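Structure first, then comments.
The values are calculated or read from the model by the stated rules, or taken from the named source; none is laboratory data. Here the structure is a predicted model, which means the values were calculated and not measured. All Cβ positions, glycine included, derive from the backbone under ideal geometry; neighbour counts span all protein chains shown.
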């Protein structure tokens, strides 16, 4: 699943915190900015509680959207 800034903000994240997070875990912020997303597996691999929360909330939102369309 691709995680976007929308997902990050929905989980309480911000642009400043995102830059710090990417630097801490050696993730490519420039690629995130260029593509607008990062794979959820990359975030989960950090084992960071906030990253896990972002992914879980994004998955829940995606599931809710799919249920609405059914």
Notebook entry, point to check: Which one is modelled with the highest pLDDT among residues in region 8-20 that are within 15 Å of residue 46 (Cβ to Cβ) and under 11 Å from the mean Cα position of the chain (by Cα)?
Noted result: 8
Next item on the list: Only residues in region 58-70 that are touching a residue at least 12 places away in the same chain (Cβ under 8 Å) count as the first member; pair them with residues that are in a helix (DSSP H, G or I) and loosely packed, with under 10 Cβ neighbours inside 10 Å, Cβ under 9 angstrom, at least 6 apart or cross-chain, and list the lot.
Entry: none
